[in-house]
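Down below is the structure, laid out as structure tokens.
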There are 2 protein chains.
Amino acid sequence: MKAHVYVTLKKTVLDPQGATVARALNGMGHPEIAAVRQGKFFEIEIAPGASQASIAATLDQIAADVLSNPVIEEYRVEIVP
Amino acid sequence: MKAHVYVTLKKTVLDPQGATVARALNGMGHPEIAAVRQGKFFEIEIAPGASQASIAATLDQIAADVLSNPVIEEYRVEIVP
């Protein structure tokens, strides 16, 4: 079993890295790119014996406590069977 | 229209950052985490007037040339209507 965790800056937080990528792409002849926001992405492999019932709660806790900074970031957990 | 681009290290490339996250999680009482691989994630907003026909090819080119290093990374483009 696998899980994907996507961590992105909250909409209200300025993302200078993404803004720079967008500006660079515009300068490289891609005016159709209006905005870019960059985030992190974790592919987590779960041991085969792990309890199916508790894994969603565990992953949520891991994403909130370790993988993201809840003050400025939000996360999304997706379990891939 | 939006697009998501996911950039991850190729399976054959060592990911020390992901390995460190996995080891840290194991040490924090999460033995069910077998492995972690970390990647990047771009949320791209496309200008409303952009040509629908060429946008897929454009995004593919942007992902290959700018957002990823094709020697060690692979990417996936997902267009969100």
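Where a number appears in this text, it was derived from the coordinates with a stated rule and is not lab data. Computed from a prediction, not measured in an experiment: that's the story for all the values here. Cβ placement follows ideal geometry from the backbone for every residue including glycine, while neighbour counts extend to all protein chains displayed.
At-a-glance table
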quantity: Electrostatic dipole magnitude of the protein assembly as shown [Cβ: Lys, Arg +1; Asp, Glu -1; Cα centre; debye, to 20]; calculated: 120 debye
quantity: P(r), alpha carbons of the stretch A:2-80 - 5 Å bins starting at zero, rounded %; calculated: 3, 14, 21, 16, 13, 12, 9, 6, 4, 2, 0
quantity: Partners for B:Lys11 among aspartates and glutamates (Cα-Cα distance below 16 Å; same-chain residues under 8 apart left out); calculated: A:Glu43, A:Glu45, B:Glu73, B:Glu74
quantity: Label point at B:Val80 placed 7 Å out along Cα→Cβ; residues across the stretch A:48-81 whose backbone nitrogen lies under 17 Å; calculated: A:73-79
quantity: Across the identical copies, how the B:Glu45 labels are spaced - nm, sorted shortest first, 7 Å along Cα→Cβ; calculated: 3.8
quantity: Average beta-carbon neighbours from other chains, 10 Å sphere, peptide B:43-50; calculated: 6
quantity: For A:26-33, mean number of other protein chain Cβ atoms within 10 Å; calculated: 5
quantity: Cβ-based exposure ranking for A:Glu43, B:Glu45, in which fewest neighbours within 10 Å come first; calculated: B:Glu45, A:Glu43
quantity: Modelled FRET efficiency - R0 35 Å, B:Ala19 with B:Glu45, Cβ distances, 0.05 increments; calculated: 0.55
quantity: Stretchable slack from A:Lys2 to A:Ala34, in nm (0.36 nm times residue separation minus alpha-carbon distance); calculated: 8.2 nm
quantity: For a label point 7 Å along the Cα-to-beta-carbon line of B:Ile72, residues of the stretch B:1-43 with backbone N under 14 Å; calculated: B:8-19, B:38-40
quantity: Exposure proxy order (Cβ contacts within 10 Å, fewest to most) of A:Val36, B:Val13, B:Val21; calculated: B:Val13, B:Val21, A:Val36
quantity: Closest-to-axis residue of chain A (Cβ criterion, axis taking A to B), whole Å; calculated: A:Phe41, 2
quantity: Other-copy label distances relative to A:Val66, 7 angstrom Cα-Cβ extension, nm; calculated: 3.5
quantity: Nearest-first distances (nm) between copies at B:Gly29, label 7 Å from Cα via Cβ; calculated: 5.7
